[in-house]
Amino acid sequence: MNPATGQGPLTLLHRHRTGARPFARLVCLPHAGAAPGMFSPWAEDLGPGVELVSVRYGTPDDAPDTMSVLAQRITAQLALLPRRPTTLFGHSMGGIVAYEVARRCSVRVGLTRLVVSGTVPPALHRPGDTHRLDDDAFITALVRLGGTDPRLFTDAASRDVWLPRVRQDYRLIDTYQYRPTPPLACPVTAMTGRADQEAPVDLVRSWRYTTTAAFDLTVHPGGHFHLLDDRREVVAELRRRLGRQGATPSSLSMP
């Protein structure tokens, strides 16, 4: 048991295949109910110079009670990795989680940028009760949002395993309450879909107020899950921003 995390080492982190000498690290935090494996196809698109790490939020048996506890656990485990320039990327619920991790990051983590996708700034987040719906209503809400394989609902075994996990994730985001804190010191990039009703462009633009550093906004075609429909372009944008951190692995290495 690791005293810093309250869990075994790196139990929340999945390190994907990477090259021998990565010059940067991309940490991906998924939407509610998604598995870390959703980001596996990104590894090849990013290339060998980028270490890809994805995060799981836990199972109903080991999940944290609050967003704050989850963010603390993730931050502590990131600090156990070898230090290198790190970008956090979070989609939907993952954007809020990534923000909460970013504001807790120590110098040890090497945070260089926060990228959020399909989510409004934490100050504009409103608590919800989706996690309290009965199974049929809950599934209807998820289908309406998109981004989930419908086969998870029709196969009884998958449904029994998956529903409690995604409901737990929704409980964390539904009960999240933003507490004002000083703005971040790292650059922030926001992405959203032009037709995303969960994260309209006008609201997503307000992420600019979460940092004292640079801010930029990209609007993609599509809706809430634009990153699935336009994966290669999203990853290409991330790769370009990772590349801006420096020209060569040696110039970006950290002790």
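The values are calculated or read from the model by the stated rules, or taken from the named source; none is laboratory data. Predicted model only: the values in this text are computed from it and were never measured. In this analysis, Cβ positions are derived from the backbone assuming ideal geometry, glycine residues included, and neighbour counts consider all displayed protein chains. Ligands, DNA and RNA are stripped out before the accessible areas are found, and what is left, the full protein with its side chains, is counted by its heavy atoms. Shrake-Rupley method; radii C 1.70, N 1.55, O 1.52, S 1.80 Å.
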Exercise for review: Examine segment 56-65 for a residue that is under 23 Å from Leu46 (Cα atoms) and open to solvent by 60 Å² or more (accessible area, probe 1.4 Å), and state whether such a residue exists.
Suggested key: yes
Revision key, fill the gap. Restricting segment 173-210 to residues that are of a type in the set (Phe, Trp, Tyr) and touching a helix residue (DSSP H, G or I) at 6+ places or on another chain (Cβ under 7 Å), the one surrounded by the fewest Cβ atoms within 10 Å (Cβ to Cβ) turns out to be Tyr178
Practice item. Determine the pairs where a residue that is open to solvent by 20 Å² or more (accessible area, probe 1.4 Å), located within segment 69-82, has a partner that is in a helix (DSSP H, G or I) with Cβ atoms under 7 Å apart, the partner being 6 or more residues away or on another chain. Key: Ala79/Arg108; Ala79/Val109
Practice item. Given the conditions (1) touching a residue at least 60 places away in the same chain (Cβ under 8 Å); (2) over 18 Å from Val116 (Cα atoms), report the number of the one that Tyr176 does not fulfil. Key: (2)
Check your understanding: Quick one: is Leu124 touching a strand residue (DSSP E or B) at 6+ places or on another chain (Cβ under 9 Å) and of a type outside the set (S, T, N, Q)?
Key -> no
Review point. Does Tyr170 satisfy the criteria of being closer than 23 Å to Ala102 by Cβ and open to solvent by less than 40 Å² (accessible area, probe 1.4 Å)?
Key: yes
Check your understanding: Mind checking which residues of segment 43-57 are in contact (Cβ under 8 Å) with a residue 40 or more places away in the chain, more than 14 Å from the chain's Cα centre (by Cα) and either assigned to a helix (DSSP H, G or I) or closer than 15 Å to Ile173 by Cα (or both)?
Key -> Asp45, Leu46
Practice item. Within segment 49-73, count every residue that is touching a Ser or Thr at 6+ places or on another chain (Cβ under 9 Å) and of a type in the set (Val, Ile, Thr). Key: 3
**Study point:** Met38 being touching a Phe, Trp or Tyr at 6+ places or on another chain (Cβ under 6 Å), under 22 Å from Asp174 (Cβ atoms) and either surrounded by fewer than 23 Cβ atoms within 10 Å (Cβ to Cβ) or not small (Gly, Ala, Ser) (or both)
**Key:** no
Exercise for review: Working carefully through the options Asp129, Asp134, find the one that is in contact (Cβ under 8 Å) with a residue 40 or more places away in the chain and surrounded by fewer than 18 Cβ atoms within 10 Å (Cβ to Cβ).
Suggested key: Asp129
